[in-house]
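Here the structure is laid out as structure tokens; the discussion comes afterwards.
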Amino acid sequence: MVTHEGGGHHHAPSGFIRKYIFSLDHKVIGIQYYMLALFSVFLGMALSLLMRIHLVWPSLKFPLIPGGLMTPEQYLALVTMHGSIMVFMVLTTAPQSGFGNYMLPIQIGAEDMAFPVLNMLSFWITFVSLVVLTSAFFVTGGAPISGWTAYPPLSAMGEITGPGEGMGQTLWVVGVAIFCIASLLGALNFITTTVDLRAKGMTLGRMPLTVWAWLVTAILGLLAFGVLLAACLLLLLDRLAGTSFFIPGGLVVTDTPIVSHTGGSPLLWQHLFWFFGHPEVYIAILPGMGVASHVLSTFSRKPVFGYKAMVGALGAIGFLGFCVWGHHMFISGMSPYSAFAFSLLTMTIGVPSAIKTFNWLGTVWGGKIQFTTAMMFALGFVSLFVTGGLSGLFLAQPSIDLYLHDTYFVVAHFHLIMGVAAIFGIFSATYFWFPKMFGRMLNETIGKIHFWFTFVGVYCIFMPMHFLGIAGHPRRYADTTGVNFLAPLHPVHYFITIAAMITITAQLLFLFNFFYSMKKGDKATENPWNATTLEWSIPSPPPFDNFAGHVPVVYRGPYEFSVPGAPDDYIPQHLTPERVGKAH
């Protein structure tokens, strides 16, 4: 650990550009990341709503589409861009880069991140990535149709394979590669900050579980995004330089033999992509686990049950996440022995996940629960994590996955476990830390209405998709009206679409609450939740250098609630032993 005069120290900015645009302040950068994710999530939801409307009313004409009717290729382009924007620009960005950037330095007692300039570059490279990615909508041929996984040879051969596979696919690959660079820079910053800039007394065993989650996520990002970056470069070479890393010989596309490529392996891309792709699931959800642990403890007025076990479970999930990528490839023709190994490892990862789940229940059990909006979203996170995880047990069996893999069952599973659960973690963190970030309170009544519409809505959307999958409904079909065996399932699609419309509309409540409260909300006190960690020991919002020159000292763990004999039901980390017996 170093002092505050060490890494991360820089002077306060004087001009508007340096203060709000190209800022070096981790707090401003965190808000920039959050706003980028907020824009991206509403863009992603809009794309999903177009998909749902087309599935239910396939003959409906859209005003912005030439000819009015959506083609199957345009539907697949929506699928591709919805998945890509949500995974990279929302689920990877908001929990880690947004809240992590803002809160991690304050929670460990640092003035800033270890490398402020690198931090600024990380955000702006991410912004460039979003611009490049979304520009695929506006080029000739439109956005790519290969899905967010971009499997070759469809994604590797250019426009001969279909609309969007020309410049649109190239922009997609370049955008994702740029995002990888930004994520690698951010991961290095998070790891260095956590290891080197902790305040005096902030041992590893006294770090909040949010900090542990951000640290493990950064390690995952450092190891995973490098692999995806390499895969994107190889794919670009196949597309633009005539190489054959992923393109096999003997292909015939639209009655045209492809003689310029030989010897490549489409499965190589799958191995590289999913070696990144499965850790990406945990990059999205581990910060949510940290937030859930933090919020459940705070509003149960109890210490986290099994703190060391929770830290160990985070590490175990992170490690095992790199050992299970093959379960995405059970139908690729892999050896049954390999499939058995990946299946066993996939089931094993359920052990640390169960440890976390039971410890969350142990934290809440017998507590003086305060049902704030942040607490309700944290409980919703646990519910969705368990529900989504249970369906994963089925997909972990190769024999069952052969049937379910290309159906809506998988869509339901990964949306619950990776998408919606992570979003609930983001919402919980927003309602919890908004007073610290902006100095004002979000409206709790609007927040609770938003929670119930969202919680019930996502279950109404994604639970029926499991039944579609069990019935054999393939995913990625743009129009099911010509498929006789799917006709009885159309009412289910109708129900899902109506639920999606209501749920997406409910997010406008959050949007109003967020921006209205930023200016007009009730003013927040320094510590409105009576919480214990260091961010609640400073003004709301924090000053430029966080602790106004006073170097914090940490005397105890992060979850000292309801300590017998203490005058209050919480003891802050920074409170000296001499002051514990006095009112604070």
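Calculate the spin-label point distance for MET501 paired with LEU268, positioning each point 7 Å from the Cα along the beta-carbon direction, and give it in nanometres.
Distance between label points: 4.9 nm.
Simple spin-label model, 7 Å along Cα-to-Cβ: VAL551 to SER135 in nm?
Going by the 7 Å Cα→Cβ label model, 4.7 nm.
Taking Cα atoms, how many degrees apart are the long axis of helix 444-470 and the longest axis of the chain, rounded to 10 and kept between 0 and 90?
30
Label points 7 Å out from Cα along the Cβ direction at MET463 and HIS11: separation in nm?
6.0
Check which residues have an amide H placed less than 5 Å from THR407's amide H, if you skip close sequence neighbours.
Residues meeting the amide H criterion: ARG475.
Whole-Hz Karplus ³J(HN,Hα) for region 426-433, in order, using 6.51 cos²θ - 1.76 cosθ + 1.60 and θ = phi - 60°, x for Gly and Pro?
These are the phi-based 3J(HN,Hα) values: 5, 5, 4, 5, 5, 5, 7, 9 Hz.
HN-Hα J couplings of region 143-158 from phi, Karplus 6.51/-1.76/1.60, θ = phi - 60°, integer Hz, Gly and Pro as x?
6, x, 10, 8, x, 6, 8, 6, 5, x, x, 4, 8, 9, 10, x
So how much slack lies between ASP479 and LEU237, counting 0.36 nm per residue of separation and subtracting their Cα-Cα distance, in nm? Show your work: numbers first, answer last.
Details: separation 242, 0.36 × 242 = 87.12 nm, distance 3.44 nm.
The ASP479-LEU237 span can extend by a further 83.7 nm.
Using amide H atoms built in the peptide plane, which far-off residues or other-chain residues are under 5 Å from VAL253 H to H?
ILE258
Mind checking the per residue accessible area of the chain for me, 1.4 Å probe, whole number of Å²? Mind dumping the intermediate values first?
On the way: 22680 Å² over 584 residues.
Normalised by residue count, the accessible surface of the chain is 39 Å².
Mind checking region 394-486 for chymotrypsin sites (Phe, Trp or Tyr not before Pro) that DSSP puts in a loop (not H, G, I, E or B) and that have at most 16 other Cβ atoms within 10 Å? Display every interim value, and only then the final one.
Values: sites: PHE394, TYR403, TYR408, PHE409, PHE414, PHE424, PHE427, TYR431, PHE432, TRP433, PHE438, PHE451, TRP452, PHE453, PHE455, TYR459, PHE462, PHE467, TYR477, PHE485; in loops: TYR477.
Qualifying residues, ordered by number: TYR477.
For a quick check: with amide H placed at 1.01 Å from N, whose amide H comes under 5 Å from ARG440's, ignoring anything fewer than 5 positions away on the same chain?
It is ALA524, by chain and number.
What's the carbon and sulfur percent of the chain's accessible surface, probe 1.4 angstrom, rounded to a whole number? Display every interim value, and only then the final one.
Working: 16190 of 22680 Å².
So the carbon and sulfur contribution to the accessible surface is 71 percent.
Residue farthest toward the positive end of the dipole of the chain, with Cβ of Lys/Arg at +1 and Asp/Glu at -1: which of PRO541, GLY162, VAL351?
PRO541
About the Cα centre of the chain, how large is the charge dipole given +1 on each Lys and Arg Cβ and -1 on each Asp and Glu Cβ? Please answer in debye to the nearest 20. Mind showing how you got there, number by number?
Details: 25 positive and 23 negative charges, 237 e Å.
Once rounded to the nearest 20, the dipole reads 1140 debye.
Kindly write out, for region 555-564 in residue order, the coupling ³J(HN,Hα) from the Karplus curve 6.51 cos²θ - 1.76 cosθ + 1.60 (θ = phi - 60°), rounded to whole Hz, with x marking Gly and Pro.
Karplus-based 3J(HN,Hα) across region 555-564 equals 10, 7, x, x, 10, 8, 10, 6, 6, x Hz.
Pairs to check: LYS302/LYS448; LYS19/LYS200; LYS302/LYS356; LYS200/LYS302; LYS368/LYS519; LYS27/LYS302. Give those whose C-alpha atoms are more than 20 Å from each other in this structure.
Values: LYS302/LYS448 23 Å; LYS19/LYS200 29 Å; LYS302/LYS356 16 Å; LYS200/LYS302 25 Å; LYS368/LYS519 32 Å; LYS27/LYS302 29 Å.
Table pairs above 20 Å Cα-Cα are LYS302/LYS448; LYS19/LYS200; LYS200/LYS302; LYS368/LYS519; LYS27/LYS302.
222 nm [θ] for the chain, helices only, -39500 (n - 2.57) per DSSP H run of 4+, per residue, to 500? Mind dumping the intermediate values first?
On the way: 17 runs with 327 residues, N = 584.
Helix-only estimate at 222 nm: -19000 deg cm²/dmol.
What's the extension gain from ARG301 to ASP196 if we count 0.36 nm per residue and subtract their Cα-Cα distance? Could the numbers behind the result be given before it?
Values: separation 105, 0.36 × 105 = 37.80 nm, distance 3.08 nm.
Full extension from ARG301 to ASP196 adds 34.7 nm.
Restrict the search to region 284-383; then list the trypsin sites (Lys or Arg not before Pro) that DSSP places in a loop and that have at most 16 other Cβ atoms within 10 Å of their Cβ.
Answer in residue order: ARG301, LYS368.
In debye, nearest 20, what is the charge dipole magnitude of region 320-519 about its Cα centre with +1 on Lys and Arg Cβ and -1 on Asp and Glu Cβ, if you could check?
Working: 8 positive and 4 negative charges, 132 e Å.
The calculated dipole for region 320-519 is roughly 640 debye.
The values are calculated or read from the model by the stated rules, or taken from the named source; none is laboratory data. Note that the structure is predicted; figures quoted are calculated from it, not measured. So basically every Cβ, Gly included, is an ideal-geometry build from the backbone, and we count neighbours across all protein chains shown. Please note that ligands, DNA and RNA were not included when accessible areas were found on the heavy atoms of the full protein model with its side chains. Shrake-Rupley method; radii C 1.70, N 1.55, O 1.52, S 1.80 Å.
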